[in-house]
1. Would you point out the residue of the stretch 303-362, among those that are loosely packed, with under 12 Cβ neighbours inside 10 Å and within 26 Å of the chain's Cα centre (by Cα), that is modelled with the highest pLDDT?
2. Within the stretch 365-386, identify whether any single residue is modelled with pLDDT under 75, more than 30 Å from Tyr328 (Cα to Cα) and assigned to a helix (DSSP H, G or I), and answer yes or no.
3. Looking for something within 24 Å of the chain's Cα centre (by Cα), surrounded by fewer than 14 Cβ atoms within 10 Å (Cβ to Cβ) and among the hydroxyl-bearing types (Ser, Thr, Tyr) - is there at least one such residue anywhere in the stretch 189-196?
4. Could you tell me which residue of the stretch 102-153 is nearest to Ala274 (Cα to Cα), considering only residues that are β-branched (Val, Ile, Thr) and at pLDDT below 85?
5. Which of (1) surrounded by 15 or more Cβ atoms within 10 Å (Cβ to Cβ); (2) more than 28 Å from Glu362 (Cα to Cα); (3) at pLDDT 75 or above is the odd one out, the single condition Leu437 does not satisfy?
Amino acid sequence: MSIEEYHIINEKLQWNTNDPVRHSIRVIKNSWQYRECVRLADGTYRPLPDYFPRIMGHFLHASSKDARLVAFTENDEKGNKDIQTIMKPGRYLTKYFKGSLAPAEIVKIVHKIGLDDNLALRFAMDREDIRWVYERGPQSCMSASNVVNKGVHAAEVYAAGDLAVAYIKSGDRALARVLTWPDHLVYIDYFYPKYGHEHYEYSIKLKEELREIGYSQGSLNGARLLKIKCKDKDKEYIMPYLDTNNFIEHNTDDSLFVMTSGEGYRSDRTTGLASLVEQGGCDECEECTRLDNMYGYNGNNYCEDCYSNLFSNCNECGNTFRQGNLSYHNGDDYCQRCYSNLFGDCNKCGNTFRQDSLSHYEVLDACICEDCAAELIAACEICEGAFAIGDIAEIDDSSYCPSCAEKHLSTCDMCEDTFVTGTMVPHGDDIYCAACLEDHRIERNPDCKACEPATEEEIVCLS
């Protein structure tokens, strides 16, 4: 092979001789290097674009077996055996150019080359591409139409230069996606589709692809985001729901935000907006949250969860008190003052009732509930007073207190039972109930001066 022939091949290979990593090689006719030069020159191999870095002796080209991969001759031994090593473009650049190319540059090259759109790992870094991935990719709260405000998609803020959306594309669809930080070679552990959803296998594939080129799970704390003001809304900015680092702060560059962890303004809304309102720490759990979402008590601020756990309102007066200073009755809370005014304990059963359900009875010298009163108290039929059941006389389903019983009841001198005085009959010096009087007359007590001799008809009738 002449020098002229070598230069012709060199021009067709489009090698960049200004790249210090590449170096000239001496090609000997009929050597394996000569064979590879000819294949690149005659179109047997599909060469890669000039901007794609390569080692001069590798004879790098697009793989003929898998259009998504690159192929190269790794060393003399494999060259003599005509064996090409096949790798993904990102893995090749990471392995051989890790010291001279920044991770972000590798991502851009891999994204730009796009050897085959079918299931290829790609990175969206500008606003248009990022929006396409979210609108044409896996479903999530950030792929809904409501996150587009005034024509701007919430995910477009990722295009500030630090972050990239890694995704796998097939045709006009993004099958899986995840947010990454190329300069740090990290991705967050929120792959879409999520576990259990359709096409989750593409999320697994995406993670494997990223790990092959040196990525691992990590934090996005400190990554920059575009600051895009939402028109017509005071202190509202375009912002997605951040799966991790749910806080943002102003950057030194006024056109950018920076992602933080636990400080600054919250970015955990699914509306595609973030409100830049003052933040504060909960005096109980110390978590940072928006002051307009906090509750104050005695000069302290509490988040919603802590406030609901620590405090409650009195159901009567409506004032707020600590849970430990409230009393509970039938599902409602009461402060001590209202509780003592509204409720009391039955002196008999010990249960608590509203005051209007308790009554004080002088005969028992106690306040008792209605149920206990039914067991312990009866009303006199005559005077209608309340008396202990043990002091009440029950005659013919009627109740009499001791005083009324003395006035209105009498005891039969024969059977000694008690009856209403008006139903009894005096007989001589005695008083009898009607039944005993009849018996008395039949027996004809000879000592009774009040008895008159009975006629034969009476004796026959009474006997």
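1. Filtering the stretch 303-362 for residues that are loosely packed, with under 12 Cβ neighbours inside 10 Å and within 26 Å of the chain's Cα centre (by Cα), the one modelled with the highest pLDDT comes out as Arg322.
2. no
3. yes
4. It comes out as Val147.
5. Condition (3) is where Leu437 drops out.
The values are calculated or read from the model by the stated rules, or taken from the named source; none is laboratory data. This is a predicted model, so every value here is computed, not measured. All Cβ positions, glycine included, derive from the backbone under ideal geometry; neighbour counts span all protein chains shown.
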